[in-house]
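Enquirer: Structure provided below as structure tokens; questions to follow.
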Amino acid sequence: MKLKHSLFTRRQFLNGLFGGWTTALLATFIYPVVKFIFPPYREPDEVILLFSDFEGMAPGSVKSFPWGSKPGILKKNDDGTYLAFVGVCTHLDCNVAYLPEQKKFFCACHDGWYDEYGTNTGGPPPHPLRRLVVEIAAPDLIIKREDVE
Amino acid sequence: MKNWPKALSTWLDDRFGLSAITQFLKEKPVPQHKHSIWLYTGSAILLFFVIQVVTGFMLILYYKPTLDAANASVARIMTEVPLGWIIRSVHSWSSTFMIAFVFIHLISIWLTKSYRKPREITWMSGVFLLACSLVFGFTGYLLPWDDLSLSATKVGTDIPRSIPVVGAWVTTLLRGGGDVTGDTLTRFFGIHVCILPIFIFLLLAIHVYLIQKKGMSIPLDAETRNEDVPTIPFWPNFVYREMVVWLVLVGILFSMAIVFPPSLDKQADLMAAAPEGVKPEWYFLFLFQTLKIFPAKILFVNGDTVAVLLMLMAGLFIFFLPVIDNKPTEWKGKIITALGYVLVVYVLIFSVWSPL
Ligand code: FES
């Protein structure tokens, strides 16, 4: 049945109402499912390590530390300062290794190379290794994300 | 009650009405022509699939899908469980054989154009089955949880990240977080033994049903000339022939499994550097090599993004092939057949090139 000035029939109206209602109901079921399958993930703001564990490193050597679920790499430069990186290749996420004789970071997955400052120099990596900020506050060694104050 | 088996079967038939199916299979004609050999690839896939299900059920009795226990439980299957090494080896080899036959099945149907009307949906369900098989392979590869499988999974799950907009989301979904961790292992295990089996059984049911409903296709030239193609009955003539093929394949499978069992490296260490020689399973090598030859930047876009988008488009093209190839006898159809040959050559060359 359609009233004279109506744009749609009563049947269409009711179908629309029913369809909309069913969709809304479904959405309320799907939303929690989607929420559930994405676990929360947060990168640490900072990690606090014992400085005494890293103090004795020879210049030019590296030592790794856990940065959340990724490996972090702490490198002692020849002048005694420290640099920290997230030890994960910027190409497709493989963990990189440091080759001290060549002063380079190397990713075995697709032959990616970085120099000793983490700048990408060869192979597929599109960006330099991510840097972290090193703060020495004996007895702690604090390693922070670059954007955390 | 001398004739009780007969009585029982009549009793059951009165209730289930299964004689309609046996009657159907006896009457179902299987055409005999120069391309008939490809008909055996489908049942070969089924054979390996059944072997996967059975050996999978066996492995799951000992496998433990957690960060600390996974690698050790596979080691235990290999060393302590009676005949465990053969079961794992057969599971691994059978997956290889199954996927190989899926590829052969697909390309034989492409080249003979058996997907043409009215078998479009049979083909499309087949493409989904191919995707399922590949995901089975990809998730199964991680389960032994050794160095190589960890790095390969890191790379594999990072690839979708270069898809615009939804990419990062897909990567998090696959990994169960920002990184490959114990959560990823548990997730892959769940996909491998619970989610995918449901899908693959459903798809198989659709696929097999459609094959029965539409019957076997006959070669294009015979169809256009309206020729009569000789046939044999499906049961028992064709099934007996298939059984001969199965016997040979099982022989090859077990020989390979016993002579070349898969290795198991030491437990994956999330913090360790990637080992040398990280590579996916052989059936992903051509995609892996394709990614490798793309430069880091093409004009202003990320090379990987271009590569991944191209692959997605190729996937869509294959999925819609029966719809695109709607005039099989004309020049468009010929080009599409030629593309099939190009695909074979491309996959072969890139797969061989990759490890070099
Ligand atoms: S993941 Fe490091 S080069 Fe590809």
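Enquirer: Would you mind finding the one in A:P66, A:P59, A:P124 that is on the phi < 0 side of the Ramachandran plot and away from every other protein chain (no Cβ under 13 Å)?
Expert: Details: A:P66 fails: away from every other protein chain (no Cβ under 13 Å); A:P124 fails: away from every other protein chain (no Cβ under 13 Å).
After ruling out the rest, the residue left standing is A:P59.
Enquirer: If B:A307 satisfies every condition in (1) more than 14 Å from chain A (Cβ to nearest Cβ); (2) surrounded by 18 or more Cβ atoms within 10 Å (Cβ to Cβ) but one, which is the exception?
Expert: Looking at each condition in turn, B:A307 falls short on (1).
Enquirer: Name every residue in region A:122-134 that is at pLDDT below 90 and out of contact with any Gly (no Cβ under 6 Å at 6 or more places or on another chain), in order of residue number. First the steps, then the outcome.
Expert: As a first pass, look at region A:122-134 and keep what is at pLDDT below 90: A:122-127.
Selection gives A:G122, A:P126, A:H127.
Enquirer: What pairs come out if I take residues in region A:67-96 that are within 19 Å of A:R145 (Cβ to Cβ) and pair them with residues that are more than 16 Å from the ligand (Cβ to nearest atom) and polar (S, T, N, Q) whose C-beta lies under 8 Å away, six or more apart or interchain?
Expert: A:S69/B:T181; A:P71/A:S64; A:G72/A:S64; A:I73/A:S64; A:L74/A:S64; A:K75/A:S61; A:L83/A:N77; A:G87/A:S64
Enquirer: Output the number of the condition that A:E46 fails; it satisfies all remaining conditions of (1) surrounded by 18 or more Cβ atoms within 10 Å (Cβ to Cβ); (2) under 25 Å from B:T184 (Cα atoms).
Expert: Looking at each condition in turn, A:E46 falls short on (1).
Enquirer: Considering only region A:16-48, state which residues are in contact (Cβ under 8 Å) with a residue 40 or more places away in the chain and more than 14 Å from chain B (Cβ to nearest Cβ). Don't jump to the end; show me each part of the working.
Expert: From region A:16-48, those in contact (Cβ under 8 Å) with a residue 40 or more places away in the chain are A:43-48; that's our starting set.
Within region A:16-48, A:D45, A:E46, A:I48 meet the criteria.
Enquirer: Follow-up question, since we're still on this one. Please specify each residue of region B:263-274 satisfying the condition of being buried (at least 16 other Cβ atoms within 10 Å of the Cβ) and more than 9 Å from chain A (Cβ to nearest Cβ).
Expert: Scanning region B:263-274 gives B:L264, B:Q267, B:A268.
Enquirer: State yes or no: is B:V344 closer than 30 Å to B:P144 by Cβ and either of a type in the set (V, I, T) or part of a strand (DSSP E or B) (or both)? Full working, then the answer.
Expert: Working: closer than 30 Å to B:P144 by Cβ: no; either of a type in the set (V, I, T) or part of a strand (DSSP E or B) (or both): yes.
So B:V344 does not fit the description; no.
Enquirer: Turning to a different aspect of this structure: In this structure, is B:V248 surrounded by fewer than 18 Cβ atoms within 10 Å (Cβ to Cβ), within 14 Å of chain A (Cβ to nearest Cβ) and in a helix (DSSP H, G or I)? Give the steps one after another, and end with the answer.
Expert: Values: surrounded by fewer than 18 Cβ atoms within 10 Å (Cβ to Cβ): yes; within 14 Å of chain A (Cβ to nearest Cβ): no; in a helix (DSSP H, G or I): yes.
Taking the combined requirement at face value, the residue does not satisfy it.
Enquirer: Being over 30 Å from B:I21 (Cβ atoms) and crowded, with 16+ Cβ neighbours inside 10 Å narrows it down to one of B:W123, B:W169, B:W110, so name that one. Explain how you work it out, then say what you get.
Expert: Working: B:W123 fails: over 30 Å from B:I21 (Cβ atoms); B:W169 fails: crowded, with 16+ Cβ neighbours inside 10 Å.
So the residue among B:W123, B:W169, B:W110 that is over 30 Å from B:I21 (Cβ atoms) and crowded, with 16+ Cβ neighbours inside 10 Å is B:W110.
Enquirer: Across region B:291-336, what is the number of residues that are over 16 Å from B:I107 (Cα atoms) and of a type in the set (G, A, S)?
Expert: 3
Enquirer: In region A:111-125, how many residues are near the ligand (Cβ under 10 Å from one of its atoms) and either within 19 Å of the chain's Cα centre (by Cα) or surrounded by 19 or more Cβ atoms within 10 Å (Cβ to Cβ) (or both)?
Expert: Filtering region A:111-125 for residues near the ligand (Cβ under 10 Å from one of its atoms) gives A:111-114, A:120, A:122-125.
After this cut, where a residue has to be either within 19 Å of the chain's Cα centre (by Cα) or surrounded by 19 or more Cβ atoms within 10 Å (Cβ to Cβ) (or both) as well, the list is A:112, A:114, A:120, A:124-125.
Number satisfying all stated conditions: 5.
Enquirer: Could I ask something else about it? So B:V208 clears everything in (1) away from chain A (no Cβ under 14 Å); (2) surrounded by 16 or more Cβ atoms within 10 Å (Cβ to Cβ); (3) among the β-branched types (V, I, T) except one condition, right? Which one?
Expert: Only one criterion is unmet by B:V208, namely (2).
Enquirer: I've got another one for you. Looking only at region B:280-306, filter to residues that are within 15 Å of the ligand (Cβ to nearest atom) and part of a loop (DSSP other than H, G, I, E, B); which one of those is modelled with the highest pLDDT?
Expert: My answer is B:P280.
Enquirer: Condition first: away from the ligand (no atom under 16 Å from the Cβ) and closer than 30 Å to B:E27 by Cβ. Can you find one or more residues in region B:249-272 that meet it?
Expert: yes
Enquirer: Output the residues belonging to region B:143-183 that are more than 16 Å from the ligand (Cβ to nearest atom) and among the hydrophobic types (A, V, I, L, M, F, W, C).
Expert: B:L143, B:W145, B:I163, B:V165, B:V166, B:A168, B:W169, B:V170, B:L173, B:L174
Enquirer: Which condition does B:G277 not pass, out of (1) away from chain A (no Cβ under 14 Å); (2) not in a helix (DSSP H, G or I), if it passes all the others?
Expert: The one condition B:G277 does not meet is (1).
The values are calculated or read from the model by the stated rules, or taken from the named source; none is laboratory data. Keep in mind that this is a model prediction, so the values were computed, not measured. Cβ sites come from the backbone with ideal geometry, for glycine too, and all protein chains shown count toward neighbours.
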